[in-house]
Structure formats: structure tokens, C-alpha cells
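S.K.: Quick one: the structure is below, and I'll ask about it shortly.
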Amino acid sequence: MASGRVNTQVTLVDGVPHRDGRPFFSIGVNYHPSPTGCGYWRDWDGARVDADFRRMAELGIDTVRFFVFWADFEPKEGGHDPLMTDRLRELVRTADRHGLLCLPSLLTVWMNGQRFDPPWLDGRDLWRDPEVAERQRAFVRHAATALRDAPNILAYDLGDEIIHVDPASAASYDPGEARAWWAGLATEIRDAHPGALVLQANEPSSVIGAHAFRPEHADPLDLVGLHGFPLWTPFHIESNDARKASAFVPYLVRRGTAHRPVLVDELGSYGCDEATGARYLRAAAHSAFAAGAVGTAVWCWQDFTTEAKPYALRPGERRVGLLTADGREKPALTEYRAFARRVRGELAGFRPLPAPVGVLLPEHTPRGDAGYLTPAGSDAPAAFYAHLLLQQAHLPHEFLGAGGPEPDGHTLLICPSVRRLTLADRQRLERYVRSGGTLLYTTGSVLDAAGDEELFGVRVRDFTLDTASHAELTWAGVSLPLDWEPGPVPVLDAAGADVLATFADGSPALTRHRLGRGTAYYLNAPLEAQLNAPHRLDTAPWHQLYAEIARAAAVVAPLTADDPCVETTVLGHGDERCAVVVNHAPEPVRTTLRRPAPPTGGTGTTQEVSLEPKDVRLLFWRDTPPLGPRQEDI
């Protein structure tokens with residue numbers, strides 16, 4: 001990661017954007033003019049752009065993300081239209097005049113579910129055709145050269161969701177090829193505009209999908225752009241108002257931040273009324289900030305009056321603005337402005353603290369050559385539900401990747417619903433436990449991830465298809481029903497581990513194995529993955545298993561609530577602390593917040609709070625005084 005890269009406006013210092021020498025959180029919107037939509041480069045209206053940007057600045061927006069449609073700027077192969085280039089410079093100058101930073105999304109071909117191909121592309125492979133690859137490099141170089149003297153470029157986006165231009169071909173790229181593609185384009189931009197920051201924006205498949213354009217491979221970039229909408233996930237989010245909904249984007253942020261700073265370059269909701277969208281934005285924006293995001297850009301600025309492509313095919317895209325078509329401010333804009341005031345005010349400089357709990361996800365790279373030996377199903381749900389359980393248990397956590405540094409800095413390590421565990425992964429976990437760590441491992445495959453005598457003190461006796469015999473476990477006074485997917489269920493024997501809970505057939509369900517200076521807990525069930533069904537998260541206190549094991553590992557949460565729907569993420573700024581308390585539920589709650597006694601001595605504190613649906617409260621204190629009077633409802 002580059003630290004302190006020179007830029008006329010924005011630099012990265014230890015992964016945190018700085019502007020004028022101070023930490024900076026970008027408050028942005030995505031922009032097409034309402035009357036022209038995606039056709040605004042050809043149907044240019046400089047006065048409209050000026051008026052829109054003036055109003056953005058008046059409303060507290062500081063960043064505009066816009067889209068440089070490749071077809072408009074290079075209508076003939078190898079020829080960049082000078083008029084379009086002049087308009088690009090004019091747009092950026094206009095933004096600067098109103099104090100706005102710019103996030104230009106280059107190589108825009110995919111937008112709102114439709115392609116805007118340069119006519120000369122003519123079905124050629126965006127990823128494998130060497131001449132097309134050269135045209136991409138020349139185009140981003142041309143755009144960055146045109147803007148190299150602009151003082152207000154936040155970063156360049158290489159191409160929004162560009163993998164969807166040709167998803168089959170993009171999926172054929174391996175991690176090395178993805179890195180090389182990113183590196184080639186980023187180098188062109190940095191050569192043309194020295195000091196410029198570079199990102200590439202993708203929807204959730206970059207975290208939960210199978211392609212290689214993922215944050216863990218994004219070392220050629222300065223940041224990654226991530227966005228997700230509750231309507232489009234594989235995680236059975238029940239509604240925009242559901243507790244899972246406002247926790248989804250923060251989950252993506254936590255996953256991406258393990259590798260690169262994350263800018264949430266599209267934040268918003270589809271398929272709901274204005275009040276629901278406002279509640280969602282309030283909770284999701286604050287939770288994304290607490291998760292470590294370095295900026296947000298709401299989708300989008302204003303409802304559209306145009307009926308041109310893509311709105312004729314997807315008219316629902318015309319009504320997701322912060323402003324109505326006639327300029328009325330929607331409730332979501334009110335919430336976004338309140339969020340902006342706080343991240344520039346009392347939240348300025350606060351960042352996530354080191355987390356005592358790590359979530360280790362084994363190597364993701366799919367192996368198509370394994371044939372029938374590849375475990376069925378998906379790895380994606382396990383990590384999301386692990387995040388939800390940790391959030392509900394109020395345990396500070398961060399994600400780790402396979403092949404990264406040793407997880408020695410974490411008191412507790414969780415490996416959720418593991419379906420594949422390589423020998424290197426096993427050895428890494430063993431080193432962690434022997435050195436004094438506590439491991440909770442839940443299994444998801446009888447062949448590739450179940451049992452291990454040396455590490456867990458258990459062995460696989462056989463498998464069974466009788467899921468009824470493994471349908472429930474009870475431990476520490478909590479009964480958890482299990483819903484197994486069809487397939488073989490591992491049956492264990494203890495081989496040195498203590499048996500803490502058993503299944504109906506008497507075989508071990510949860511074990512504890514002392515190894516070296518540490519402890520390995522083994523749950524013979526895909527606890528997290530089997531939660532991926534509508535409303536199943538609400539059927540049992542699943543998070544209590546995590547909480548009990550964290551307690552045994554002496555992990556002390558800095559702030560808890562007695563309602564699992566309430567997030568209590570504590571951020572730090574020097575010796576100051578700020579708890580971002582978010583009610584993710586669609587109902588009001590009254591809950592008790594508890595802060596333990598500080599290590600330096602004294603007593604803990606409690607405080608009753610009432611929160612409306614999707615409500616947020618900030619609490620501030622220093623390391624030693626009790627919960628202060630400085631607090632406010634948002």
C-alpha cells in the first residue's frame with residue numbers, strides 16, 4: 001500500500017485519505033443530469049451541470065462521481081473526440097469552482113444493466129483481445145492527461161462494474177492476470193497524472209463471487225470501490241428494512257478493508273418508499289463508516305426525466321435519486337446531510353481500533369480441475385453470517401485472508417463453515433493455537449474440511465445421510481437447531497478433545513482441544529452457512545455460542561447492548577473513544593448499554609437508550625471516565 005502518495009488534493013497516509021493534511025471522508029453522489037441521463041456528453045448542457053454542482057455544494061456534498069462513456073469519447077477506434085475531451089475538462093473545472101472533488105469512472109461501458117459499447121468494439125473480447133487491451137490503456141492515459149492539471153481529482157475509477165461487459169471472459173482471468181490488468185491501466189494513469197489515486201469499482205461479486213477481480217488481488221490499486229444493494233444479494237435479505245439489510249454494505253467494507261481502503265462508491269436502496277430508503281441510508285452509512293469505509297457516494301443525485309437508454313428498458317432506475325425530478329429533497333437526503341455533518345464534525349479522525357477477533361477465510365480461488373471432488377455449494381454465506389453473529393455478540397472483529405500474515409494479533413480466531421482447508425491452512429491454524437490463540441472452527445465438508453486429530457483432537461468415524469441425528473445441539477444453556485443441506489454429514493469421535501456437547505446419536509457436536517498454549521474449539525456443523533434462509537437468523541440466539549467462546553478466551557467487548565439487533569462499534573481517535581450505536585432492526589428498541597470497568601481500575605457503567613427503527617446514536621468517552629454526557633440522537 002502506498003503511504004503518503006503525492007496528490008494536489010488527496011493523499012493516502014497509512015490507508016486514510018487526507019486533504020490539506022487532515023483526514024478526509026468523502027461525501028459524494030453519483031451523477032447523470034436528470035434531463036439527459038447517460039447521454040449528457042453528447043447532449044451537453046453546461047449550465048445544467050453548473051446548477052447541479054452548485055446545489056450539491058450547498059447541500060454539503062463534496063464529491064461527484066461521474067461516468068466517462070467510452071463510446072462517446074472514442075467513437076472511432078484510436079480517435080479521441082476533442083469536443084468530448086473539452087467537455088470533460090469543463091465538467092471538472094465546474095466542480096472545482098463549487099469546491100467539489102471528482103471521481104471520474106473511466107471505461108464506462110456497462111450502466112444500469114445495459115451495455116454502451118463503442119461501435120468499433122463489435123463483439124471483440126474486452127479481456128483477451130490485445131488490440132482492445134491497448135485501446136483501453138490509451139483511453140485511460142488520454143483521460144488522465146486531459147485532467148492532469150485539475151486540482152480536484154479524488155481518484156480515477158478504472159471502470160464501473162466493467163467485468164459485466166463480458167462476464168464469461170472476465171471470469172477466465174486468474175489472479176495474476178487480474179493484477180496485471182489493474183496494474184497496466186493504473187500505471188498509464190499515474191504516468192499521465194503523477195500522484196493520482198486509482199481504484200476500480202465493483203458490485204458484491206468482487207467479495208462473494210468466483211472471479212479474480214477481488215480486493216485480495218488489488219495490490220496494484222490504491223483503493224477499492226465496493227457497493228451493494230439489499231435487493232440484489234444471495235443472502236436472503238428479507239427487505240430493505242430488515243436487520244440484515246443495513247449490515248450488508250458494512251460487511252463488504254470489512255471484507256475489502258482487509259486488503260485495501262474501501263470507498264463505498266454506490267450506496268442506496270431499490271424497491272422501497274422514501275421513508276424506508278431514508279432509514280436504510282441512515283443506518284447503512286453510519287455502519288459503513290464504523291466498519292472503516294473512507295468515503296461514500298449515494299446512488300444517485302436526482303430522479304430522471306429522460307426516457308432514453310437504459311431507462312426505457314429499466315424505468316425503475318429513474319426514481320432512485322436524492323432529489324425528485326422537480327428538485328424536491330427526499331428524506332434520504334436529509335439523513336445523508338446529517339451523516340455528512342457528523343463525519344466532518346464530531347466523528348472526524350475516528351477510525352476502527354485493532355480488533356481482538358479475527359475471521360479467517362481459507363483460500364478462495366476455485367479449482368475447476370478438481371471435478372467431482374470439489375465440495376458442492378458456496379463459500380459466500382458463511383462469512384456474511386459470521387459477521388452478523390459477531391456484530392450481534394458485540395465482538396470487535398476484522399477479516400483476514402488466506403496467505404496473509406499470521407493471525408497472532410487476535411485473541412480469538414473464527415473459521416466459519418469451512419468447506420476447503422489446505423494443508424498450508426491447517427498448519428497456519430496449528431501455529432496460531434500452539435502460540436496461545438483460541439480458535440473456533442465450524443466445518444462444512446466431510447472430506448475437505450472435517451476432523452483433524454493433531455489440531456482438534458477429533459477424528460471422522462464415518463459419514464451419514466441421517467440429518468435428523470444431527471439436528472440440534474445444546475451447550476451453555478442454549479439450544480441451536482441445525483438445518484443441514486442434503487449430503488453427507490460427518491460423524492466424529494473424540495481423540496483427545498473434551499466433548500462439550502453431543503448430537504442425538506451421542507457423537508461429539510462441540511469439542512475443546514488444548515494444544516500448546518492455546519485452545520481449539522471444533523463445531524461439527526456449518527453453523528453460519530445454514531443460517532442463509534429468510535428469517536432463520538431470528539429463530540434462535542445463534543450469537544451466544546460466539547459470545548460464550550469469546551468469554552472463555554477472555555475477549556472483553558468495549559461496549560455491549562442487551563439487544564442483538566443493536567450494533568456497538570467503538571472507534572478511536574487518540575485516547576478518545578466513540579461508540580457508533582446502530583439499531584439495525586425495523587422496530588424501535590429500548591436497550592441497556594454496558595461498558596466494562598477500564599483496565600486501569602474503576603467500575604463499569606450502564607446506560608438505558610431508546611432507538612427508533614434504523615436509528616443511530618453516538619457516545620463519546622476517554623479511556624478512563626464513564627460514559628460521558630457527550631452524546632446525541634441522530
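S.K.: State whether segment 26-350 is rounded, prolate or oblate according to the following rule on the C-alpha gyration tensor (a ≥ b ≥ c being the square roots of its eigenvalues): a/c under 1.5 gives rounded; otherwise a/b larger than b/c gives prolate, and the remaining case gives oblate.
M.R.: Working: a/c = 1.41, a/b = 1.18, b/c = 1.19.
Judged from the Cα gyration tensor, segment 26-350 comes out rounded (a/c under 1.5).
S.K.: State the percent of C-alpha pairs, over all pairs in segment 357-552, separated by a distance greater than 21 angstrom.
M.R.: 47
S.K.: Projected onto the charge dipole of the chain (+1 at Lys/Arg Cβ, -1 at Asp/Glu Cβ, origin at the Cα centre), which of 294, 572, 230 gives the Cα projection farthest towards the positive end?
M.R.: So the residue furthest toward the plus end is 572.
S.K.: Oh, and also: Determine the relative contact order of segment 531-598: mean sequence separation of Cα pairs under 8 Å and six or more apart, normalised by residue count, in whole percent.
M.R.: 28 percent.
S.K.: While we're here: Jot down the radius of gyration and Dmax of segment 1-126, Cα atoms only, both in angstrom.
M.R.: Over segment 1-126's Cα set, Rg and Dmax evaluate to 16.4, 47 Å.
S.K.: Based on DSSP, what percent of beta bridges with both residues in the chain are antiparallel, to the nearest 5?
M.R.: 55
S.K.: Here's a follow-up. Using alpha carbons only, how many angstrom separate the centre of segment 245-288 from the centre of segment 85-120?
M.R.: 24
S.K.: Give a quick list of chymotrypsin sites (Phe, Trp or Tyr not before Pro) in segment 236-305 that DSSP marks as loop, anything other than H, G, I, E or B, with at most 16 other Cβ atoms within 10 Å.
M.R.: Details: sites: 248, 251, 270, 280, 289, 299, 301, 304; in loops: 270, 299, 301, 304.
Qualifying residues, ordered by number: 270.
S.K.: Moving on to the next point. Relative contact order of segment 486-634, please, whole-number percent, based on alpha carbon pairs below 8 angstrom and at least 6 residues apart.
M.R.: The value is 13 percent.
S.K.: Counting other beta carbons within 10 Å of each Cβ, put 330, 309, 76 in order, fewest first.
M.R.: Fewest to most other Cβ atoms nearby, the residues stand as 76, 309, 330.
S.K.: What translational diffusion coefficient, in µm²/s and rounded to a whole number, does the Stokes-Einstein relation yield for segment 560-633 at 20 °C and a viscosity of 1.002 mPa s, taking the hydrodynamic radius as the Kirkwood radius over Cα pairs?
M.R.: After rounding, the answer is 170 µm²/s.
S.K.: From the backbone phi of segment 235-251, what are the Karplus-calculated ³J(HN,Hα) couplings (6.51 cos²θ - 1.76 cosθ + 1.60, θ = phi - 60°) in whole Hz, Gly and Pro given as x?
M.R.: Result, rounded to whole Hz: 9, 6, 6, 6, 5, 5, 8, 5, 5, 5, 4, 6, 9, 6, 4, x, 4.
S.K.: Explain nothing, just compute: Karplus ³J(HN,Hα) = 6.51 cos²θ - 1.76 cosθ + 1.60, θ = phi - 60°, for every residue of segment 282-288 in order, whole Hz, x for Gly and Pro.
M.R.: Per-residue couplings from phi come out as 4, 5, 5, 5, 5, 5, 5 Hz.
S.K.: Okay, moving on. Restricted to Cα positions, what overall size does the chain have along the principal axes? Three whole-Å values, descending.
M.R.: Answer, in whole Å and largest first: 75, 60, 43 Å.
S.K.: Also: Got the relative contact order for segment 357-552 handy, in percent, Cα pairs under 8 Å and 6 or more residues apart?
M.R.: 24
S.K.: I've got another one for you. I'd like the Karplus ³J(HN,Hα) series for segment 331-340: coefficients 6.51, -1.76, 1.60, θ = phi - 60°, whole numbers in Hz, and an x wherever there's a Gly or Pro.
M.R.: x, 4, 5, 4, 5, 5, 5, 5, 4, 4
S.K.: Continuing with this model, one more query. So how strong a dipole does the chain carry about its Cα centre when Lys and Arg Cβ are +1 and Asp and Glu Cβ are -1, to the nearest 20 debye?
M.R.: In debye, rounded to 20, the chain gives about 1340.
S.K.: Here's something else I'd like to know. Within the chain, how many Lys pairs sit with Cα atoms under 28 Å apart, leaving out pairs fewer than 8 places apart on the same chain?
M.R.: Counting lysine pairs in the chain gives 5.
S.K.: Can you pull the one-decimal nm distance between simple spin-label points at residue 83 and residue 172, each 7 Å off the Cα toward Cβ?
M.R.: Reported label-point gap for residue 83 and residue 172 is 3.8 nm.
S.K.: Just rank 587, 216, 430, fewest to most, by other beta-carbon atoms within 10 angstrom. All intermediate terms of the calculation are to be shown ahead of the outcome.
M.R.: On the way: 587 12, 216 24, 430 19.
Fewest-to-most Cβ neighbours within 10 Å comes out as 587, 430, 216.
Rule-based calculations on the coordinates, nothing more; no lab input. Everything numeric in this text was worked out from a predicted model, so none of it was measured. Methodologically, a virtual Cβ is constructed for each residue, glycine included, from the backbone with ideal geometry; neighbour enumeration extends over all protein chains shown.
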